[in-house]
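Since every read-out is calculated from the coordinates, none of them should be taken as a lab result. Treat the numbers as computed from the prediction; the structure is a model and nothing was measured. Note: ideal-geometry Cβ built from the backbone for every residue, glycine included; neighbour counts use all protein chains shown.
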Amino acid sequence: MKTKRFVISSIFITTAIIFIVKLFYIQVIDDKYKLSAENNTLRHITVYPSRGFVFDRKGKIIVANRVNYDLKVVPRSIETFDTAAFCKLTGIEPDDLKKKFEKNKYSYKPVLLKKQIDEEEYARIAEELYRYPGFFVEKRSLRTYPYAAAANVLGYLGEVDAEDLKNDDYYQMGDYIGKSGIEKTYEKELRGKKGTKIYMVDVLGRIQSSYKNGKYDLPAEAGKNITSSLDIDLQKFGETLMQNKIGSIVAIEPSSGELLALVTSPAYDPNLFVGKKLARNYGKIESADNNPLFNRALRSMYPPGSTFKTVNALIALQKGLITDKTVFTVNGYNAGTYIMKDHVSGAVSFKKSIQLSSNAYYCHVFKRIISDRRFDNYADAYNDWVSYVKSFGLGTKLGTDLGTERRGIIYPASYFDKYYGKGHWNYNTVISLAIGQGELGFTPLQTANLAAIIANRGYYITPHIVKNIENEKIDKRYLEKHYTKVESKYFEPVADAMESVVTEGTAVSAYVPGLSICGKTGTAQNPHGKDHSIFIAFAPKENPEIAVAVYVENAGYGSAWAAPIASLIIEKYLTDSVSRPWLVKRIEEANLINEK
Amino acid sequence: MKSKVIQNIDFITLLLYVLLVAAGWMNIYSSSFDGSDFTFSSRYGKQLLMIGISFILFVGILFIEGHIIPAVSYYIYGIIILMLILVLFIGDKTGGSRSWFIIGSFKLQPAEFAKLATALALSQFAGRDGFKLFSSFKNLIILLMIIALPAGLILLQGDAGSALVFASFILVIYRLGLPVYFLMIIFIEVAVFISVFFISINTLFILLIAAALVVFWIFTGKGKETFIYAFAVTFLTLAGLIPVVLFRKNIPLHTVLFISVLIVLFAEVINAFGKGKFYRLLMPLLLLFYMGSAYSTDYVFYNVLKEHQRTRINVLFGIEKDITGVGYNVHQSKIAIGSGGFAGKGYLKGTQTKFNFVPEQDTDFIFCTVGEEWGFIGTAGVIIIFTVLLLRIVKLAERQRSAYSVIFGYSLASVLFFHYAVNIAMTVGLAPVIGIPLPFFSYGGSSLVSFSVFLFIFLRLDAERNTLLM
C-alpha cells in the first residue's frame, strides 16, 4: 500500500507545483494582467476649469460665467414615476421623454434630457427632483455678457472644429474655444488648464470611488482674468449712437495705444451667441442686413478723404517743402485735364488749409512732394511719400490683438507704372491722393491711429484691447513706440489747425466748451451711393487722453454726423457726461441706413 | 470515552480546516463587502451562519457513537439518492440546472451531499471483510454502480460539473487494488479524448492503428505478423473505399477504418482460440476501445453538446480566442489574480473583484479575490495549505485499522482534491470553466456544510481508530 500512497501523494504535490508555477508566472512575472486591471477599472474624467473673466478698464465685469444645468438620467436606476408631472416640471415633451427612454432603456450611462437649464428654472426643478430617483443635474458653465455690448471685441465661444483639434492637442471633441475677438486672441490665457479626476468604475462603468483618494488627480487651473482697455460705458454709448447707421467708431488712448471703444454697426447682442443659442442665431445674424458679424472697424476700407490732408501737410513740413507760413493763392486746382474744385478760394494759409479743408492747397502741396527735385523722377518721389505714409501705420497691418484687421490700400509707384506706363504719369495723374481720395483705402482703426499719432505728436503704440492679464505681462509689442518719419516739432502747427477746425472751421458741430478738441473732417467718396462721413479727433489738445475716428456710411459730409458723434464720444469719455442730450437724441433717432 | 475522542482528534487537520474556513470567510466578506454595516442578510453574514452550523454539527458528530456511522451509511446513501430523484421533479431551476430544494430562505443542493453519501456507501461496501476488487465481477459492478448512480442523477439535473466530481473516486478504486496500468489506460484515454478537439477523427484513427502496431511489434517482436496486420488493415480499408468511390455512398473514412480493424480483430480472435493465447486479444480490444471512445467523443462534441458548450471547450483548448464572450470569465479571472502581484493589493482593496469584473466572485471564482488582494503569497499559501491537508488526510487514512475508515479517508482526499484542483485550474485558465466550488472557501452553505461534515466524520473515525475495528 506504500506505493499507492506514494503515487497519490505525488499527484497532489505535482498538482500543487504546477499551480504555484503558473501563479508565479501570472502574478509576478507577467505584467500584462496588471495593466489590464487598470484599463478595467480606471476612468479619467476631464475637469473643466472656469474660464477667465474679462473686465473693462474701470474694473466692470464685461464677460462672466453663468452657471446652468443639464438634466440627465440613468435609465437603469429609475423607478416608476409620474411622467405627466415630470414633464410639466421640466417642460420636456412626453413624446421626447418616451423616445429617449426607449432608445436607452438598459443604459447605465447617463442620458441627456435637457440642456442648459438656467438657474431660475433649476431652482424650481431641483426642489422636486428628489421624487425622481435616477435623475440628476450636472453643472455647466456658460459665458454671459452683462452689458450686451462689444460683441465684435469680445468675440464668442464655439465648439472646436477639426482644424482646432488638429492644431492643438489640448482640445477634445466638444470642447469650447474662442472663435473671435478677445475670446480667440486670449484663448490660452482665458481657458486655464483642464484637470483630470481619476475614478474607479465597476464592470458596468458606474463610478465607485475616486482613485487613491484623488492622489493622482490633476486639479484644473482656472483661466486668467483679463482686464481689457475697453471702457464699456463708452462702448455701449457708441453703439447706441451708431444704431440704425452703418459704420464704426474707434477710440484710442494715445499715450498707451489702448482701445477705449471699438464700435461696429450694425452690432448684435453677444448673449445671442451663448451655448446652444449659437447654432440657432449664427445664421440669422450672419445673413442679417449689412452683416453685423463684419467688423467694420478693423476690416472696412475707405478712402480717408480730407482727414488725409493732415498727413500730406506733415510730410511736406518734414520734407521742407512748405512751412506753417506757406500760403497758396487758389481758385480751384488745374490738374491738366480737369479743374479740381475747391470751396475755398483766394490766399489760403497753412492753418486755413486744414481749418477749412482746402482741396487746392493740398494739390499744390502734393505737387511739391511728387515733383521734389531731390528725386530723379516722380516715381521715386512717390515711393518716398508712400514710405512716409506707411510710417503712420496707414496701409500696414498694425498688429492689434483683435485679429483679422485689413492692411488697407496704398499702391507703390510700380502700380501706376503698370497702369499708365513707366514715365507716363505725374502728380496730376494721381492728384486725388492729395485730398485722400482715389487709390487709397484705410480702416477706421488706422485713421483713429492717425489721430492718436497727431495727439502724440509723432508716434503711436500699436492699438490693443488688453490692458492687463492676471499675473502676466502683456506683450511688449503693446508698449513699444513707433515713430513716424515726421519729427515731433512739425505736429504742433497741425494740431493748432485741427483745433481751429472745431472752434471755427468745418466741424463746429464737434465743439464742446472747455475740452479743446482737435479734429479733422473727411468725406469718403462713395461711387455706390451717398458719401461716407468721416471725422478724426483727439482731446484735449495738450496731453491728449483720447483719439477717435468716426465713420458713418452714406451720411454725407464729415461735419454732418461723424463730427458730432466724435465730440459726444470725447465728451463722454473726458467728462463722463453729455452736455447736449438733444444731440444724443437726434443722433440716436437718426436712421441713415436707407439713405443711399 | 468522549473526552478520549476529543483528545484523539487530529488537531493538525482541524487547524488546517479552521485556517481554510477563516480565510474563505474573509475573502467572501471582501468580495461582497459594500461598506455597509454588518448584517446577517448579506452573503458574508449567511456564510458566517453556515460556519456556525458546521461547528454545531462538528460537536454533534463528536458525541455520536463511532460505530453508528458505518451502520447508517447505506441509509444515508439511500436518502440522498431519493433526494436526487426528488429534486429532478420539485427542484428549483437556477442557472440551467435543476439542483436546489428551496427551504424557507435557504437553498439545499443535494448534489453537494451526494459525494459524502457515496463515500459512506462505498466505504461500507468495499470495507467489508475479505473484499477484493476483482474477486467477483458482481462486486466490481456494484462498486461502480454506487458511484455511477448519483453521478448519473446529477447529470440529469443538468449539473455536469458536480457529476464530473464522481470521477475522482477512481483514486479510491486505485487504492482498492486497481492495477497501475489501468491508470495508464485511463491516462491514454484522456489523451485520446483531448486529441479529438485538435485533429480529425480520421487522422486520430490512423495514428491509433499505427501506435497499436508499433506497440504490438515491440511487445511480441514479431515483425512479420505486424506487417501482415498493417497490410491487412490497409488492404481492407482501400477495398472498403472502392464502393464509396464507385457508388458515391457517403460512408466516412473512419467508419471504413473501424470496420477494417474489426475484421482483423475477428481473424485474431479465431487465431487466439486456435492457439489458446488470449492475452493477444488485449491489444486489438484496447485499440477498439480507444477508437470507440474517440468516435463517441467526436459524436457527442458535434451532435450532443450545445453551441455554447462547444465554444467553451474550444476556448479552453486555445482553439478559439474570445475574451468578451465565453473567455470573459477566465480572462477577467486571470486579470484579477495577475494584478495582485507578489504581495497583493491588500485586504478589501481589490478592484477587479470588488467592482464585479470577475463573475461569481464569491462562489466559483473566490480564488480571484485571494489572488488580487493577497497576491502570490496568498495564492501559494492557499495551495500549500490544501496540499498539506490532502497529504495529512492520506497519512491519517493509511493509519486506520478498519478498511471502512481507510476507504472513507481516501474518498475524502479524492473528492477534496478534485474540487480544489479543478476549481483553481479553471480560475488560472488551466481547465475549462466547470462550475464547482473551492471547498471551504466558496460562498454556499451546502458545499461548506457537506465538506465540513465529510471531514468531521473522518476525524471522528480517526479519533476512534484504536477502538473501531469492525
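Worth a mention:
- The local environment of residue B:438, defined by Cβ-Cβ distances under 14 Å, has a net charge of -4 under the rule Lys, Arg +1 and Asp, Glu -1.
- Helix-only mean residue ellipticity at 222 nm for chain B, each DSSP H run of n ≥ 4 adding -39500 (n - 2.57), per residue, nearest 500: -23500 deg cm²/dmol
- Compared with the dominant Cα axis of chain A, that is its longest principal axis, helix A:119-128 is turned about 20°.
- Degrees separating the helix A:359-370 axis from the principal Cα axis of chain A, which is the longest one: 80 degrees
- Cα-centre dipole for chain B with unit charges at Cβ (Lys and Arg positive, Asp and Glu negative), debye to 20: 920 debye
- Residue order, fewest to most beta carbons within 10 Å, for A:467, A:485: A:485, A:467
- Annotation: the residues A:230, B:155, sorted from fewest to most other C-beta atoms within 10 Å of their own C-beta, follow the order B:155, A:230.
- Pairs over the 18 Å Cα-Cα cut-off, from the set A:115/A:179; A:103/A:197; A:139/A:276; A:224/A:277; A:236/A:476; A:215/B:349: A:115/A:179; A:103/A:197; A:224/A:277; A:236/A:476.
- Relative protection proxy for A:46-54, A:499-507, from highest mean packing down: A:499-507, A:46-54 (other beta-carbon atoms within 10 angstrom).
- Net +/- balance of residues flanking residue A:13 in space, Cβ distance below 14 Å, scoring K and R +1, D and E -1: +3
- Proximal lysines relative to residue B:306, as straight alpha-carbon distance under 21 Å, when same-chain residues fewer than 8 apart are discounted: B:93, B:321
- Between helix A:378-391 and chain A: long-axis angle, C-alpha atoms, 0 to 90°, nearest 10: 50 degrees
- Charged-residue dipole, Cβ positions (Lys, Arg, Asp, Glu), chain A about Cα centre, Debye nearest 20: 1900 debye
- Charge dipole (chain A, unit charges on Cβ, about Cα centre) - positive-most of A:559, A:185, A:421: A:185
- Taking B:283, A:498 and counting other C-beta atoms within 10 Å, the order from fewest to most: B:283, A:498
- When Rg and the Kirkwood Rh are both derived from Cα coordinates, the Rg/Rh ratio for the stretch A:469-596 amounts to 1.04.
- The Cα atoms of the stretch A:475-529 give a gyration tensor whose axes a ≥ b ≥ c have a/c of 1.5 or more with a/b no greater than b/c, which makes the shape oblate.
- Chain A, helix-only ellipticity at 222 nm - DSSP H runs n ≥ 4, -39,500 (n - 2.57), divided by all residues, nearest 500: -10000 deg cm²/dmol
- Computed over the alpha-carbon atoms, the protein assembly as shown gives an Rg to Rh ratio of 1.29, Rh here being the Kirkwood radius from the mean inverse distance.
- Reported to the nearest whole Å, the Cα centre-to-centre distance from the stretch B:286-308 to the stretch B:366-443 is 30.
- Only Lys, Arg, Asp and Glu carry charge here, each on its Cβ (+1 for the first two, -1 for the last two); on that basis the stretch B:200-314 has a dipole of about 40 debye about its Cα centre.
- Cleavage-rule hits, trypsin sites (Lys or Arg not before Pro), the stretch B:194-252, DSSP coil, Cβ neighbours within 10 Å at most 11: B:248, B:249
- As computed over the stretch B:1-85, the Cα convex hull volume per residue (Å³): 135 Å³
- One quarter of the convex hull surface built on the alpha carbon atoms of chain A amounts to 42.0 nm², the projected area averaged over directions.
- Straight-distance crosslink candidates among aspartates and glutamates, where the alpha carbon sits under 12 Å from residue A:245 and sequence neighbours closer than 8 are dropped: A:289, A:553, A:588, A:589, A:595
- The convex hull drawn around the Cα atoms of the stretch B:200-314, when projected onto a plane and averaged over every direction, covers 8.6 nm².
- Think of the protein assembly as shown as having a plus end and a minus end, set by charges on the Cβ of Lys, Arg, Asp and Glu; of A:461, A:404, A:15, A:15 sits farthest toward the positive end of this dipole.
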